[in-house]
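Engineer: Just passing along the structure, written as structure tokens.
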Amino acid sequence: MVRFQQPDNKLAKFCVTAKPLTQVKVNNYDINGIALREGTFTKRVTLNSARELKVIIFPKALSFITWSKVRQSSIQYIGQGGDNNWKEWLRPDYFYLLEVPPQATALAFGRLCYRNGDVDVEPIKKIKQISSGKIIINDKIYLSVASSLPKINLYNVIVNTGSNRKDALGTQTEVYFTTILNEDYD
């Protein structure tokens, strides 16, 4: 028998004692109120043809002047699953629906504590119920959902927090937004 999950590692222990990203004191914020670290990466997510978000994953710290925490009521657990391959069948990922705050220009996510990986964010372009309790998003993300098909609007994104339920979005995996972001930021 192969063990697919290692016991909690140093990263998990560090995350338990870590302060929220807006409470970490640093002296090297960039013009967008972000302190980067090795392993921080960014991506662009297009919500609709007129609105693009920058997504910053695993920053070192965020300025409390520029960044605010996303309300927990904007986050909804949607289900578990993945891309329908055998690894996803053995260890499904956990997915959340995140309503992007109005006027937000960027989102920032803390690193996962209980899985060696990073958050992944995608716009929801297409959602379809394929059977009772099963949906497919963007023709590639197959999810088992406990409740009925969620209501999706133009300001929703789907967030994958990996295969450990302890990395709950909004509590363990922090989510922040800003309405101010330098256009040249990549």
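The values are calculated or read from the model by the stated rules, or taken from the named source; none is laboratory data. Predicted, not measured: the structure shown is a model, and the values here were computed from it. Because the Cβ atoms are built from the backbone with ideal geometry, glycine has one as well, and the counts that use them run over all protein chains shown. Just the protein is used for accessible areas: all its heavy atoms, side chains included, with ligands, DNA and RNA removed. Shrake-Rupley method; radii C 1.70, N 1.55, O 1.52, S 1.80 Å.
Engineer: Out of (1) over 16 Å from Ile57 (Cβ atoms); (2) open to solvent by less than 30 Å² (accessible area, probe 1.4 Å), what's the single condition that is false for Asp83?
Structural biologist: Answer for Asp83: the failing condition is (2).
Engineer: How about the stretch 100-117: which of its residues are under 14 Å from Ile180 (Cα atoms) and free of Cβ contacts under 8 Å to residues at least 60 places away in the same chain? Let's see the steps before the verdict.
Structural biologist: Let us first name the residues in the stretch 100-117 that are under 14 Å from Ile180 (Cα atoms), namely 101-108.
The one that is under 14 Å from Ile180 (Cα atoms) and free of Cβ contacts under 8 Å to residues at least 60 places away in the same chain: Pro102.
Engineer: Exactly one condition in (1) over 17 Å from the mean Cα position of the chain (by Cα); (2) within 11 Å of Ala108 (Cβ to Cβ) is not met by Leu21; state its number.
Structural biologist: The single condition Leu21 does not satisfy is (1).
Engineer: When you scan the stretch 49-68, how many residues do you find that are farther than 17 Å from Tyr155 by Cα and in a strand (DSSP E or B)?
Structural biologist: The first filter runs over the stretch 49-68 and keeps only residues farther than 17 Å from Tyr155 by Cα, leaving 56-68.
Subset that is in a strand (DSSP E or B): 56-57, 61-62, 68.
Residues flagged as farther than 17 Å from Tyr155 by Cα and in a strand (DSSP E or B) within the stretch 49-68 amount to 5.
Engineer: Thr161: of a type in the set (S, T, N, Q) and either at pLDDT below 90 or over 17 Å from Gln80 (Cβ atoms) (or both), yes or no? Outline the logic, then answer.
Structural biologist: On the way: of a type in the set (S, T, N, Q): yes; either at pLDDT below 90 or over 17 Å from Gln80 (Cβ atoms) (or both): no.
So Thr161 fails the test.
Engineer: Also, quick follow-up: Can you name the number of the only condition in (1) outside any strand (DSSP E or B); (2) at pLDDT below 90; (3) not hydroxyl-bearing (Ser, Thr, Tyr) that Ile130 fails?
Structural biologist: The failed condition is (1).
Engineer: Is it the case, given these coordinates, that Asn32 is at pLDDT 90 or above and not in a strand (DSSP E or B)?
Structural biologist: Working: at pLDDT 90 or above: yes; not in a strand (DSSP E or B): yes.
So Asn32 passes the test.
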